[in-house]
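Down below is the structure, laid out as structure tokens.
The values are calculated or read from the model by the stated rules, or taken from the named source; none is laboratory data. Keep in mind the model is a prediction, meaning the values are calculated, not measured. In this analysis, Cβ positions are derived from the backbone assuming ideal geometry, glycine residues included, and neighbour counts consider all displayed protein chains.
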Amino acid sequence: MKGTPSAPVDNTKRMPPAPAKIYDMQIMMNSNKRKISLAPGFAELRDYFYRSVKDEVEQRVWFINPVGTRIVVCVAKMNYIGLLMHGIHNILNHYSLTEGVWIKATYKGETDFQMRVKDLNLHEV
């Protein structure tokens, strides 16, 4: 009928759920190049990554490798940068990599980072 308002349509039931936030980052720790590593025992979270997650990432996080090994690392949260400290070199020690390491980490939420580790020659370990 003309002039009769129709009932509002609820489209939210038809929309697929939003995907979970997933953030990837690369961390390179090398005592010679110091590309990301600031000093022995520290690594800086990339600024674009840190800005995306700084309000939700906890001060103590787990880096978990594909076989389930969990290594705890502390995060120092500042206004513009986040530093991985107190435990980041446990990853080097765990893999017996004294020269440095590439870590590809996927942030899974609050305390968990899924990681893949490569040596400086980019061989997965």
Of the residues that sit in region 93-119 and are among the hydrophobic types (A, V, I, L, M, F, W, C) and within 19 Å of ARG46 (Cβ to Cβ), which one is modelled with the lowest pLDDT? VAL101
Within region 60-80, the count of residues that are aromatic (Phe, Trp, Tyr) and modelled with pLDDT of 90 or more comes to 2
Would you confirm whether or not region 60-80 contains a residue that is of a type in the set (D, E, K, R) and out of contact with any helix residue (DSSP H, G or I) (no Cβ under 9 Å at 6 or more places or on another chain)? yes
Across region 96-125, which residue is nearest to the chain's Cα centre (by Cα) among those that are crowded, with 17+ Cβ neighbours inside 10 Å and over 18 Å from GLN59 (Cβ atoms)? MET115
Within region 92-116, how many residues turn out to be touching a Leu at 6+ places or on another chain (Cβ under 8 Å) and within 27 Å of LYS54 (Cα to Cα)? 3
All but one of (1) in contact (Cβ under 8 Å) with a residue 40 or more places away in the chain; (2) in contact with a strand residue (DSSP E or B) (Cβ under 7 Å, 6 or more places away or on another chain) hold for LEU122; state the number of the condition that does not hold. (1)
